[in-house]
Amino acid sequence: MSIYLGVTLIWLAYMTSAYTSYIAGALSFTFILYVNVLLLIFRTSNGINFFQEKEKYKKKEIDEKTLELIGQKLSIIVEKELFLHPNFALEEAAKS
């Protein structure tokens, strides 16, 4: 479908070149060529999708010791209610 529409657009650009600039045909051909190449690339590649968010650390696991340590530190922050302070920052959390 994109090839048919592209050929039609190129034909229209060449037919109306007497009324517009002669470069319109060449520009439309180049644009259609690039669009068709991109469509072919994306059709054959299953894994590439620009609009899908990548899960960076999906396969990474945290060991039990680290999980316990994080839980202890979070409980300290919750007990002292440090998160309620307006100027709470990572630096203060590290000191606590």
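The values are calculated or read from the model by the stated rules, or taken from the named source; none is laboratory data. Everything quoted here is computed from the prediction, not taken from an experiment. Every residue, glycine among them, receives a Cβ derived from its backbone with ideal geometry; neighbour counts consider all protein chains shown. Surface areas here come from the heavy atoms of the whole protein model, side chains and all, with no ligands, DNA or RNA. Shrake-Rupley method; radii C 1.70, N 1.55, O 1.52, S 1.80 Å.
List of remarks:
- Filtering the stretch 74-88 to residues that are assigned to a loop (DSSP other than H, G, I, E, B) and either over 33 Å from the mean Cα position of the chain (by Cα) or surrounded by fewer than 10 Cβ atoms within 10 Å (Cβ to Cβ) (or both) leaves Glu81, His85, Pro86, Asn87.
- Of residues in the stretch 50-73 being assigned to a helix (DSSP H, G or I) and either open to solvent by 100 Å² or more (accessible area, probe 1.4 Å) or small (Gly, Ala, Ser) (or both), the one modelled with the lowest pLDDT: Lys73
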